[in-house]
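Encoded as structure tokens, the structure appears first; notes follow it.
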Amino acid sequence: MYVCDEQGTHYSNIFFNNLNKMNRIIILIVTILIAIVSCNKDNRSIVNSSNLDSIDVSYSILCQEILNGHGGFDFKQIVIKDDSNWNGVLMKMSDTISNSKYPCTLEKIDFHEHIIIAIFDSIRNTYGSSIDVKSIIETKNNIIINIYKKRKFGLSPAISQPFCIFRIPYTNKPIRFTY
């Protein structure tokens, strides 16, 4: 059955022609969405498969503070595997500690079970910056320590150097740092 107007146009044909155009558009949109979702799904599985080869490493913060004044450490990361290096670091920083976020834990460290990592930020003429451990990940080939630097901008009469000292389980794997 056809419905016609005064000019004799069949409305049912117009409806079906428009429906065909709409179906084509819907099919095109659905096809594009499927392609996008499929690509994203593949990327996630690649990321997840690489994460299967890594595990989080436990750590405990021994000291996270700010060194005051001049004569701190150059910006560096120090991997400490024995008592003499640990005592040397403690001696160098003994007179310049301020603003304890975690009070220094000067417990006896068993270097057969743990390694100490000391991370010193650059010397700054601002006060209130900090340096934190974001995560530590062990992969098949190395240990990756992700560090977060919080910068406070603005000048201050105080010279400061944020640092963080923490221990991780003993390892012979190379240690990499990312910021």
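Close amide-amide hydrogen proximity is noted between R176 and I143, I144, I145, each under 5 Å apart and 5 or more residues distant or on a separate chain (H modeled in the peptide plane; Pro and chain starts excluded). Residue by residue, the stretch 115-121 carries 3J(HN,Hα) couplings of 10, 9, 10, 10, 10, 10, 6 Hz when phi is fed to the Karplus relation 6.51 cos²θ - 1.76 cosθ + 1.60 (θ = phi - 60°); x denotes Gly or Pro. With a Förster radius of 22 Å applied to the C-beta separation of N85 and T178, the computed FRET efficiency comes to 0.40. Take the Cα of S58, step 7 Å toward its Cβ, do the same at N125, and the gap between the two points is 4.5 nm. Amide H contacts of S129: K152, each under 5 Å away and 5 or more positions distant or on a separate chain (H built 1.01 Å from N in the peptide plane; Pro and chain starts excluded).
None of the figures in this text is laboratory data; all of them are computed from the coordinates on show. Small disclaimer: the values here were computed from a predicted structure and weren't measured. Glycine also receives a Cβ, built like all others from the backbone with ideal geometry; neighbour counts cover every protein chain displayed.
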